[in-house]
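The structure appears below as structure tokens.
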Amino acid sequence: MRILALTAGAARMYCGSCLRDNALARELARQGHEVRLQPLYTPTRTDEENVASPGVFFNGIGVCLEQQAAFFRRPHPRLDRLWNAPWVLRLASRSSIAVDPSRLGAMTVSMLRGEEGFQLKEVRRLADWLRAQQPPDIAVLPNSLLSGLAAPVREATRRPVCCTFQGEELFLDQLPEPYRTDAWELVRGNARDIDGFLAVSDYSAGYWTKRLDLPEGRVRVAPLGINLEGFGGERRTARADGVFRIGYLARIAPEKGLHLLAEAYRRLRREPGRGPAVLEAAGYLAPEHRGYLHSIERAMKEAGLAREFRYRGEPDRAGKIAFLSRLDAFSVPAVYDEPKGLPLLEAMAAGVAVVQPRRGAFVEMVERTGGGLLVEPDSAEALAEGFRALRADPERAAALGRAGAEAVRARYTAARMAAQTLEVYREIAAAAEEARAHA
């Protein structure tokens, strides 16, 4: 099958959606399919072999300039070539990009308007390029924030368009008014130009079916999968040093719940006679969230636990696997209904028992793997109780870790994700072909 998959680069950040898109494209290509993974905004950053094309459409610099000034919305060949020069793209990718919805409302709405937005020049550039290529069997949008491209991509390729849902609802809901209402209305309108939808979890499929008032079954599911190379999955029942290590691996941001995990840890450490412990966190830290991390560090210091909290930065793949392999328990206690949960799969692949709030995709992941405990959402005490249970019964914790590792290898591999995704793509393509035949 010939697949054109767009993916939204996030500059220097390891983005879960970028990691998923790259792993999927890499595996589909390994299975013999012709896949072009085309970045938008910036080149993508991955922690394994990057299979994305080197060029970028909707260059982040140009998109921002076009949003701000009419001058840049008109063709300027020399400037346009400059923005898209490889060295400029590399320079832009070294810097962080703003991910704060409160600052991106107008641009989000403009992008959702597609050919009617301020980035029309970029839309036409993409469409012209698509017309010059051999048509794919299907074109894939990485999220609904880019659904404004559905109509022009469909017209340029004369092929069906699939839209993936990968957690963008949080960003949409955090937009300030009037942008939030406008953006949701545009997403609903753009859905008419999309031939099929794919979600990465059952929770996500149900959410988007209701939110966009889609017919039941219109949103298909292909769960996340990971590349297991390097993950051992073997766990010891006890550590030689006796230290109980709790870990967190995700963006350092309030919605991911590191503050809640830190509070749970403080509750856990108030109990005397339990032996040494540490709380270790890793993941991307955006400039706007440095104060958030500092507030957690202050709270730990005030509790006399400054030496027991460590921020390990943003590890590469080898560092990530090494980080997870040292842990006795893992949690990313998000304070919203997380639709993905990629870090859970990675922790379980390393044989680590997880403690997660009963919300979003966490529920199906933990229940289907048996790799951890589900606790009451938004409760530091419930998290602490989960960790107490694991610490008090190392054999149970080890059994949960083994169950998670085995289940990830059976149900959440990149190969399985690719097979399930390919099935969805083929159904969408076949339905579109049948509709054309009867038109």
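The values are calculated or read from the model by the stated rules, or taken from the named source; none is laboratory data. Predicted, not measured: the structure shown is a model, and the values here were computed from it. Here the Cβ is made from the backbone with ideal geometry for all residues, glycine too, and neighbour counts use every protein chain on show.
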**OP:** Pull up segment 70-124, narrow it to residues that are among the β-branched types (V, I, T) and at pLDDT 95 or above, then point me to the one that is farthest from R45 (Cα to Cα).
**Re:** V109
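Let's see how each residue does on (1) of a type outside the set (S, T, N, Q); (2) crowded, with 18+ Cβ neighbours inside 10 Å; (3) within 30 Å of T46 (Cα to Cα):
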site	(1), (2), (3)
R326	yes, no, yes
D337	yes, yes, yes
K340	yes, yes, yes
G360	yes, yes, yes
D393	yes, no, no
Original post:
Do any helices (runs of 4 or more DSSP H) entirely within segment 348-439 hold 1 or more residues that are farther than 30 Å from A277 by Cα, and if so, which?
Top reply: 394-411, 414-437
Original post:
Taking segment 209-254, which residues are of a type in the set (S, T, Y) and either at pLDDT 95 or above or assigned to a helix (DSSP H, G or I) (or both)?
Top reply: T209, Y248
Subject >> Of all residues making up segment 397-422, the number that are free of Cβ contacts under 8 Å to residues at least 12 places away in the same chain and not aliphatic (A, V, I, L, M) >> reply: 0
**OP:** Take G257 and decide whether it is touching a strand residue (DSSP E or B) at 6+ places or on another chain (Cβ under 7 Å) and crowded, with 16+ Cβ neighbours inside 10 Å.
**Re:** no
Subject >> Subset of segment 148-183 [among the polar types (S, T, N, Q) and buried (at least 24 other Cβ atoms within 10 Å of the Cβ)] >> reply: T164, Q166
Original post:
E427 versus (1) buried (at least 24 other Cβ atoms within 10 Å of the Cβ); (2) of a type outside the set (G, A, S); (3) in the same structural domain as H33 (by TED's automatic domain parsing): which is the lone unmet condition?
Top reply: (1)
**OP:** Collect the residues in segment 31-87 that are part of a loop (DSSP other than H, G, I, E, B) and over 27 Å from the mean Cα position of the chain (by Cα), keeping them in residue-number order.
**Re:** A69, R74, P75, H76, A85
Original post:
For segment 188-204, what are the residues that are surrounded by fewer than 22 Cβ atoms within 10 Å (Cβ to Cβ) and in a helix (DSSP H, G or I)?
Top reply: R188, G189, A191, R192, D193, D202
